[in-house]
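Take a look at the structure set out below.
The values are calculated or read from the model by the stated rules, or taken from the named source; none is laboratory data. Predicted model, so just to flag it, every value in this text is computed and none were measured. Here Cβ is always computed from backbone atoms with ideal geometry, including for glycine, and neighbour counts include all displayed protein chains. With ligands, DNA and RNA removed, areas are computed over all heavy atoms of the protein, side chains included. Shrake-Rupley method; radii C 1.70, N 1.55, O 1.52, S 1.80 Å.
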Amino acid sequence: LVVLAFYLRIRRDMFAGILPSRAGKERASSFLKTISGFVWHLQKTKIISWFILLFALSAAFGAILGELEIYFSDIEILQLFLANSAGEGMLEQFITYLFAIMSIFTLFPVISIMISLRTEENANRTEHFYTRSVSRNRLFIVYFILANLAGVLMQFGTAFGTYVTSQNILDHPIS
């Protein structure tokens, strides 16, 4: 195995991978030629993967809603914490706190998208935009709009994940 590793290391070019890069399309689509299309192309994997992660996480929490009292019956501090609101059941209070925490999680992809703009600038990968008639403000606005749209999408993903699983679990589904 070590001999194979050294052979592959000698065989490759400097700063190149072991497998060759695949050839892309000869011509870019008209959407990809726009700033928003290019930024979407750069960020879509991040947005899709965060959506799947947050959907799965909220679906996992939605799966325990039917047995919530069983899970939390042994935890006294949680019962005291959830017992402060009169007139609301444990389920409604738990969902409120769950969505508050999940809303914090939905900030991570938004912040990540905005940080990637700075990373692209530091690595000098935005020079192609700046050599054309594109201002830094316009590029920032495109990233900002995409980050906000991703935040709204993540909120819908968490709500939909909880809703779908709770429909199958609860006797009286969430309306």
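Every residue, every condition in (1) of a type outside the set (Asp, Glu); (2) open to solvent by 80 Å² or more (accessible area, probe 1.4 Å); (3) at pLDDT below 85, yes or no:
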{"site": "94", "(1), (2), (3)": "yes, no, yes"}
{"site": "103", "(1), (2), (3)": "yes, no, no"}
{"site": "106", "(1), (2), (3)": "yes, no, no"}
{"site": "124", "(1), (2), (3)": "yes, yes, no"}
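Okay, residues lined up against (1) in a helix (DSSP H, G or I); (2) modelled with pLDDT of 85 or more; (3) out of contact with any strand residue (DSSP E or B) (no Cβ under 9 Å at 6 or more places or on another chain); (4) open to solvent by 90 Å² or more (accessible area, probe 1.4 Å):
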| position | (1), (2), (3), (4) |
| --- | --- |
| 9 | yes, no, yes, yes |
| 19 | no, no, yes, yes |
| 32 | no, no, yes, no |
| 46 | yes, yes, yes, no |
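Of the helices (runs of 4 or more DSSP H) that lie entirely inside segment 57-170, those containing 3 or more residues that are of a type outside the set (S, T, N, Q) and touching a helix residue (DSSP H, G or I) at 6+ places or on another chain (Cβ under 8 Å) span 68-72, 90-105, 107-122, 136-169.
When the residues of segment 126-158 are filtered to those that are open to solvent by less than 40 Å² (accessible area, probe 1.4 Å) and of a type in the set (A, V, I, L, M), which remaining residue is modelled with the lowest pLDDT?
Only one residue tops the list, namely 134.
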